[in-house]
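These notes concern the structure reproduced below.
Nothing in this text is a laboratory measurement; each read-out follows from the coordinates by a stated rule. From a predicted model like this one, the values you see are computed outputs, not experimental measurements. For neighbour counting, all protein chains shown are included, and Cβ atoms are generated from backbone atoms with ideal geometry for every residue, glycine included.
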Amino acid sequence: MAIQIGLIAEDSDTTIEGDARIVANYSRTFRLITDSVTRLTEFAIKSAIGISIGSPYPNDWFATCGSITIGPGPEMTRPPNLAYHVKYTWSTKAVFPNTYETDPSLVRTRWSLKPSIQTRYVIRDRNSVMILNAAGQPFDGGIPVDVRLGQAVARKYKPSIGYNQNDALANSGKLNSLTFLGGAPKTVQVDIESTEHFEGGYHFWEDQATFAYDPLGWQPKPMNAGFFQKKAGIVERIRNRDVDPATTVDPDGLVQEPEPLLTTGAIVPLGSRPASCNFIEVDAYETIDMNTLGY
């Protein structure tokens with residue numbers, strides 16, 4: 001079987017888009033002639049010319065091949081006198097493929113990053129130090145602050161073979177056990193959405209994982225404070241004199257706000273605040289090595 005290939009047309013254009021980006025486009029059309037007694041497959045035609053999807057343009061390596069069109073040329077022919085016109089287009093705006101496969105589950109993971117703004121009533125600063133007023137008392141209910149939390153979204157197609165549908169729900173809400181996306185352990189929380197797809201002969205799942213980052217961590221850390229303290233192993237109500245032994249204002253009166261406690265349960269002396277104030281970490285969320293999620 002003999003094959004003859006010749007370049008019969010080529011053109012290019014360069015445009016400036018609305019965002020001031022310069023985009024260059026190129027196209028080349030080849031004529032393939034063969035004496036094959038059977039019609040060639042599309043794969044055989046592209047292999048004979050030797051240009052694949054995603055290949056760079058010879059004169060502009062920033063432009064990649066974005067489409068290949070195979071048609072009769074210049075009119076319908078039959079074996080053993082076959083002729084094809086094959087048109088290739090390149091662009092500096094073409095999407096570069098992850099692989100040269102048509103299976104959607106082989107597409108690369110697509111990431112997007114953005115901050116989210118939330119209003120919180122905080123009781124500790126960015127160094128995890130309790131926020132107190134000039135009298136050494138915590139603010140009632142905390143203070144309102146607009147915090148910016150990092151958010152990363154990963155989208156990936158996964159093959160249906162071996163896919164575990166339960167993982168999306170089982171792993172949602174878990175925290176990173178190891179450093180992930182630059183976040184220290186327990187500072188990144190994941191939520192996973194999954195959608196089933198049937199396209200052509202392919203069956204796959206589209207996963208979207210949202211990673212939320214909080215530099216102070218996601219495990220609840222309530223202030224170690226209360227209306228009661230522990231003295232010599234006995235729990236008793238905190239009174240004004242316990243806060244300030246020198247007070248002359250109703251020393252036996254009960255405190256009206258929760259008072260910070262030491263890890264032993266005793267009240268934190270005014271002179272030791274906020275350095276000795278602490279928080280109790282609640283083990284509310286499970287952890288997972290997020291590198292094993294496959295994004």
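If neighbour count is taken as other Cβ atoms inside 10 Å, put F62, F228 in order from fewest to most.
Ascending Cβ contact count within 10 Å gives the list F62, F228.
Find the eigenvalues of the gyration tensor of the Cα atoms of the range 106-218, then list the square roots of 5 times those eigenvalues as equivalent ellipsoid semi-axes, largest first, in whole angstrom. Kindly include the intermediate steps, with their values, before the conclusion.
Working: eigenvalues 303, 31, 27 Å².
Working through the eigenvalues yields semi-axes of 39, 12, 12 Å.
When you take every Cα atom in the range 213-295, what is the radius of gyration, and what is Dmax, the widest Cα pair distance, in Å?
Calculated on Cα positions, Rg and Dmax stand at 18.1, 64 Å.
When a footprinting reagent is the concern and you count Cβ atoms within 10 Å, what order do K186, K174 take, fewest first?
Numbers: K186 17, K174 20.
Ordered from fewest to most neighbouring Cβ atoms within 10 Å, K186, K174 come out as K186, K174.
Does the range 225-272 classify as rounded, prolate or oblate by the C-alpha gyration tensor (a ≥ b ≥ c root eigenvalues; a/c under 1.5 gives rounded; else a/b over b/c gives prolate, otherwise oblate)? Please list the in-between numbers first.
Values: a/c = 1.72, a/b = 1.43, b/c = 1.21.
Prolate shape, in that a/c is at least 1.5 and a/b is the bigger ratio.
By its C-alpha gyration tensor, with a ≥ b ≥ c as the square roots of the eigenvalues, how is the range 1-109 shaped: rounded for a/c under 1.5, else prolate for a/b larger than b/c, else oblate? Before the final figure, lay out each step's value.
Numbers: a/c = 2.87, a/b = 1.62, b/c = 1.76.
It is oblate, given that a/c is not under 1.5 and a/b is not larger than b/c.
Taking loop as defined by DSSP and a crowding limit of 15 other beta carbons within 10 Å, which trypsin sites (Lys or Arg not before Pro) in the range 1-73 fit?
Values: sites: R21, R28, R31, R39, K46; in loops: R21, R39.
Here the trypsin sites (Lys or Arg not before Pro) that fit, given the DSSP loop and packing criteria, are R21, R39.
Of K46/K156; K156/K221; K46/K87; K114/K221; K114/K158, which ones are farther than 22 Å apart at the Cα? Please list the in-between numbers first.
Details: K46/K156 29 Å; K156/K221 34 Å; K46/K87 10 Å; K114/K221 26 Å; K114/K158 24 Å.
From K46/K156; K156/K221; K46/K87; K114/K221; K114/K158, over 22 Å: K46/K156; K156/K221; K114/K221; K114/K158.
Just to be sure I follow: if Rg is taken over the C-alpha atoms of the range 1-51 and Rh is the Kirkwood radius over the same atoms, what is Rg/Rh? List each step's numbers first, then the result.
Working: Rg = 16.5 Å, Rh = 13.5 Å.
Here the Rg-to-Rh quotient is 1.22.
For W90, W205, W111, what ranking results if the residue with the fewest other Cβ atoms within 10 Å of its Cβ goes first?
Result, fewest neighbours first: W111, W205, W90.
In the Gaussian network model of the chain, springs joining C-alpha atoms below 10 Å, which of N166, N59, N224 carries the largest mean-square fluctuation?
Taking springs between Cα atoms under 10 Å, the residue moving most is N59.
Counting each DSSP H run of 4 or more residues in the chain as -39500 (n - 2.57), what helix-only mean residue ellipticity at 222 nm follows after dividing by all residues, to the nearest 500 deg cm²/dmol? Please list the in-between numbers first.
Details: 3 runs with 18 residues, N = 295.
The helix-only estimate for the chain comes to -1500 deg cm²/dmol at 222 nm.
How long are the semi-axes of the ellipsoid equivalent to the chain, from square roots of 5 times the Cα gyration tensor eigenvalues, in whole Å, largest first?
71, 21, 12
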